[in-house]
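The values are calculated or read from the model by the stated rules, or taken from the named source; none is laboratory data. This is a predicted model, so every value here is computed, not measured. Ideal geometry is used to build each Cβ from the backbone, glycine not excepted, and the neighbour counts take in all protein chains shown. These accessible areas exclude ligands, DNA and RNA; they are computed on the full protein's heavy atoms, side chains included. Shrake-Rupley method; radii C 1.70, N 1.55, O 1.52, S 1.80 Å.
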Amino acid sequence: MGELTFLYPWLLGGAALASLPVIIHLIGRRRAPVVKFAAFDFLMAVNKRLARRERLRQLLLLVLRTLAVLALVFAVARPMPKRAADAGTASKRVAIVFDASASMRYERGGRSLFENAKRQVRDVISHLAPGDAATLVVAGRDVTPVFQAPTLDLAAVRGAVDKIAPPEGVANMGAAIDMALSQLGSDGGNATLVIVSDLAENGFANLRPTAMEPPPEVRLIDAAERPQPVALPNLAIETVSVEGAGEQASERRIRVAVRNYGPEAVRELPLELRVGGDVTQRVLVEVPAFGVSEKTLTYAFAGTGVFRCEVKLSGDGAYASDDTMAFVVEIAPGVHVLAIDGDPRTTPYDDELFFFEHAVQAVPKGDPTIDLRIVGVDEVSADFSLEGYDVVVLANVAELPAEVVSRLVSFVGAGGGLLFTLGSEIRFERYNALFGGLLPHPLRDLHKAADEVAGTPPLALGDMDWDHPVLAGLGQAAQEGLRASRTRSYFNVDVGSRNKTLAVLRFDNGAPALMERRDASKGRVMLLATSIDVDMSDLALRSTYPALVQRCVRYLAKAIDASSLAPARVGATIELPVPTGADAVALVSPGGTRIERSSDDGTRRRLEMGPLTEPGFYSAQVLGKDWQAAPRLDVAVNATLDESDWKPVQPSRIAEALGGGSGDRVVSVTIGAGQYDDPFAQRGYASYLLLTLCLVFIGESFLGSRG
Amino acid sequence: MSDAGFELSPQLLSDIETLQLAARTIVSGALAGSHRSLRRGSSIEFSEHKLYTPGDDIRHIDWRAFAKTDRYHIKQFEDETNITLELLVDGSASMAFAGPEREPKLEYAKKLGAALCYLALRQGDASGVVTFATTVRDELPARATSVHLVEVMRLLAQLEPAGETSLVGALDQFGQRSRRRSLLVIISDLFDPNPGLFDAFRRLAARRHDIALLHLLDPVEIDFPYENPSTFVSMEDDRRLFVHPRTLRNAYVREMREFLTRTSRALREAGIDYREVRTDADPAQVLGSFLREREAG
């Protein structure tokens, strides 16, 4: 038992109460009723015979009652072993780091690790003695110090544990441990750091050495209560990629990668594809231990539009957050293009639209169709109808009937796409006068870049806006093809105009080559500052040309795939493309939280949205004249996989990270509740005394009843 | 006898009246539906001679005795012999004991004794009273006159409990004085620590007295029903004793039972009519039972 000390030694004065039973006995004897009794001799004789036994019983009763009072007095004085380490102060300082990250949702035996952890922390607190101080740091999405310093109010700490919010986010245990240690001060004597966590290795990445001297005792409490330090079984959908299946425009190939974080292989695990909430396909997957398995699903979407999809693992119920991955698939419709040829030729190669026509018709298998109609400029009469077309291309068109121009304005205002390409037929004054209301910028003059006399070479393309949807889908080879193109002449534009314009391509002298007008009108307008054939540029000869032209007309028709918006992870900040004409974009989370960003007068192409904190589908909205839904910009957000791996951290690693092992410094890190296993060592001997008190009362009652 | 010089105070008169009334009530209750006497059995056997006195029936003159002694003797037979009732009442301090809501033993004894005297006098028998504690305290010789009943009642009414019980001394003292065979009815609680008590009874019985002992006890003295720790005080001296009654009860009751058994056996062996009487019993029933059993012989 060792040396004893008392928590409330002044209460020992109550030991004087031990004389109470004797006093009560004596008073009771003096105040006993007097009975005159005739058969007194009999009473005397009997009493004489039983006197010794009765005196012993009375003595025992007195002793027991005195003991009971003494036991009660000693119990309330709270005797406890004097800790050698205390050296004058019996208090202990405990900093508790509570892991409230999403991985604590993992369920074992019908209980989540989060619930286990709460119970374990309550247990730790209940084993602290009065006078000990404790503090609590919660490591959830953020690191939150519940108290600013260790408090003696253990009930408050217990209450704070009850109020810890449900687990979410990625735990930064390093920051939480830093914060907890800073609250313990610089003296590590009598200080204990208790870490209650699933002990997932990922969470302990950012540990820093502690400067405390001596280092505090560190105790790890495994919320998973694993008998052996092994990874917990868990499967997660790691990636989902969507691509055309190559047969039909509406058919997609969906590749799903499933990772097994557990030590045992998994066989015949059901994997479901859900489109719009309905299960459309179900397959079985096999995943080796600690390995990845890829499964490909092919699905033909019904019609065009934006589809909200999910792939989901069934039967892996321990941690559901990473069993589902949501994603958005857009099936773009076919495009109807009217191309007005401003310089038709009988020789096909010389025709203004020869290269354009062939480029548009080279639609890859499985892509939506582009239906092209070419008319000569002479065929365009005043009553020419634009109805039924998504995009109009004016290729080197110098003149059009005013009615048609007017109709073009209406066409763009109604959402139609318009592409201006220039050429030798163009006279900029007249062009500006005719199409000035539609052009991104007015034309200024024809610039001949390549001059054999002057010895100036043709221009290459310089800055390219790869974030623009027209270019975003092009690969590295396409970039090289564009850079290889050379332009001999082009029209300068008056960039000083107040039109909101965006340069998608620039020549290497900085002049805009392909620009887009970005205003509030519904339709999109682009201008190619050079010719679409080979008269002024060799762009049409480059391998990139067909893809560039196709993406251009699809973009103008608002029919380009938005699938470049890959599924995001919880906590990520994404860049959302700002549609033409939009002043602001917004995302509305599954829970209804709205994130709104302004496009700063239409000059910004992409806006940062986030962090996106909720898993599920975020609905997009754009602000033109009013806020309107933009399902093509919807974003699927999925749980991060940072919390999916329960490979346990090694105590030695934590000890080393906290500064142990350098020189003679030792940081003690152990798994388990340690000395808290012995409640009496912490609570003192009051319980023993109360038990003694009970036994004394039982004995007293027995002896009393014998009387 | 202390009959000279006393005054009949109103209280005493009242006590006498009360006692007399109680005696009548008890006797009438005891004799209800029958006619019993204190005589033991019935007999026509010759009992004794007595000198002829004028007025005696000359038919009973024993002429043989006349021939021998030249004196007239009258033959007397058993059933014609008047019995003499000698009532010995214990007036020691212990007789003042009374259980809860009961009268003291002495009061009970007075009623019972008065009833016996009343019955005897009503049947023409003489009755005397002796009260005692340490020694004989008062004595009223036996007579058969109706006036005598008043004397008996007065003596009993005046009896106050006092002194230690010394039944041995009282019996011996009485035995030395009485020469005539009598019916001795002793009413006492027998709380006399003298070990020669039974011998004293035997000595008295040897004088051919017909002895009946009414052993008077309060039920509390038998059952000892006390619960709380108390200081018990002797009624006959200054002794005190603090005890927890619950711890002693079983042993006490056992001790008392043994005493009663031992007493009963010893006295019956000495030819004494021993009766244990509890003060919670109806005195009429006690007397009735006493008379019935004596008549049965």
Quick one: Cα centre-to-centre distance for the range A:351-377 and the range A:87-161, in angstrom?
-> 69 Å
Direction-averaged shadow area of the convex hull around the Cα atoms of the range A:568-638, nm²?
-> 4.0 nm²
Summing -39500 (n - 2.57) over the DSSP H runs of n ≥ 4 in the protein assembly as shown and dividing by its residue number, what mean residue ellipticity at 222 nm do you reach, to the nearest 500 deg cm²/dmol?
-> -9000 deg cm²/dmol
How big is the range B:162-297 by Rg and Dmax over its Cα atoms, in Å?
-> 16.8, 52
With all protein chains in place and a 1.4 Å probe, A:Lys448 shows an accessible area in Å² (nearest 10) of 150 Å²
Taking the Cβ-Cβ separation of A:Asn492 and A:Glu294 as r and a Förster radius of 60 Å, what is the calculated FRET efficiency to the nearest 0.05?
-> 0.70
Expressed as a whole number of Å, what is the distance separating the alpha-carbon centroids of the range A:414-468 and the range A:165-203?
-> 62 Å
By how many degrees, 0 to 90 and rounded to 10, does the Cα axis of helix A:173-184 deviate from the longest principal axis of chain A?
-> 40 degrees
Report ³J(HN,Hα) in whole Hz for each residue of the range A:528-540, in order, from the Karplus equation J = 6.51 cos²θ - 1.76 cosθ + 1.60 where θ = phi - 60°; Gly and Pro get x.
-> 9, 6, 10, 7, 8, 9, 9, 5, 10, 8, 9, 4, 5
So how tilted is helix A:544-556 from the main axis of chain A? Cα-based, degrees 0 to 90, rounded to 10.
-> 70 degrees
To the nearest 10 square angstrom, what accessible area does A:Asp508 show with a 1.4 Å probe?
-> 90 Å²
If all Cα-Cα distances of the range A:335-556 are sorted into 5 Å bins from 0 onward, what percent lands in each bin, rounded to whole numbers?
-> 1, 7, 15, 21, 22, 18, 10, 4, 1, 0
Would you mind getting me the FRET efficiency between B:Thr69 and B:Thr135? Use the beta-carbon distance for r and R0 = 45 Å, nearest 0.05.
-> 0.60
Phi angles of the range A:256-264, converted by Karplus (6.51 cos²θ - 1.76 cosθ + 1.60, θ = phi - 60°) into ³J(HN,Hα) in whole Hz with x for Gly and Pro, give 10, 9, 10, 10, 9, 8, x, x, 10
For the range A:21-61, which trypsin sites (Lys or Arg not before Pro) are both in a DSSP coil and crowded by at most 12 other Cβ atoms within 10 Å?
-> A:Arg31
List the residues whose amide H sits under 5 Å from the amide H of A:Val493, counting only those 5 or more places along or on another chain, with H placed 1.01 Å from N in the peptide plane.
-> A:Arg444
Take A:Arg427, B:Arg257 and sort them by solvent-accessible surface of the protein heavy atoms, 1.4 Å probe, largest at the top.
-> A:Arg427, B:Arg257
Counting only protein heavy atoms and rolling a 1.4 Å probe, how much accessible area do B and A lose on contact, total for both sides, in Å² to 100?
-> 2600 Å²
Potential extension, A:Val283-A:Val534 segment - 0.36 nm per residue separation minus Cα distance = 85.2 nm
Solvent exposure, largest accessible area first (probe 1.4 Å, DNA, RNA and ligands not counted), of A:Glu452, A:Glu217 = A:Glu452, A:Glu217
Cα gyration tensor of the range A:246-332 diagonalised, 5x eigenvalues square-rooted, in angstrom largest first, produces semi-axes 26, 13, 10
Net lengthening on full extension, A:Leu541/A:Val275 (0.36 nm per residue, minus Cα-Cα) = 91.6 nm
Can you list residues whose amide H is under 5 Å from A:Phe507's amide H, if they're 5+ apart or on another chain and H is modeled 1.01 Å from N?
-> A:Gly462, A:Ala513
Which distance in Å, rounded to a whole number, links the C-alpha centroids of the range B:161-183 and the range A:294-319?
-> 125 Å
At what distance in nm do the modelled label points of A:Arg55 and A:Ser652 sit from each other, each positioned 7 Å from its Cα along Cα→Cβ?
-> 7.4 nm
Cα-projected label distance for A:Thr144 with A:Ala472, points at 7 Å along beta-carbon direction, nm = 3.6 nm
Calculate one ³J(HN,Hα) per residue across the range B:158-171 by plugging θ = phi - 60° into the Karplus curve 6.51 cos²θ - 1.76 cosθ + 1.60, and present them in order as whole Hz with x for glycine and proline.
-> 7, 5, 10, x, 6, x, 7, 6, 9, 5, 4, x, 5, 5
How big is the shadow of the Cα convex hull of chain A, averaged over all directions, in nm²?
-> 50.4 nm²
Averaged per residue, the 1.4 Å probe accessible area of the range A:246-332, protein heavy atoms only, in Å², is roughly 44 Å²
When all protein chains stay in place, what accessible area (Å², nearest 10, 1.4 Å probe) is found for B:Tyr52?
-> 80 Å²
Where does helix A:20-30 land angle-wise versus the long Cα axis of chain A, in degrees 0 to 90, nearest 10?
-> 40 degrees
Which FRET efficiency, nearest 0.05, do A:Leu7 and A:Leu62 yield, Cβ-Cβ r, R0 22 Å?
-> 0.15
Which cross-chain or sequence-distant (5 or more) residues have an amide H under 5 Å from the amide H of A:Phe617, H modelled 1.01 Å from N in plane?
-> A:Val637
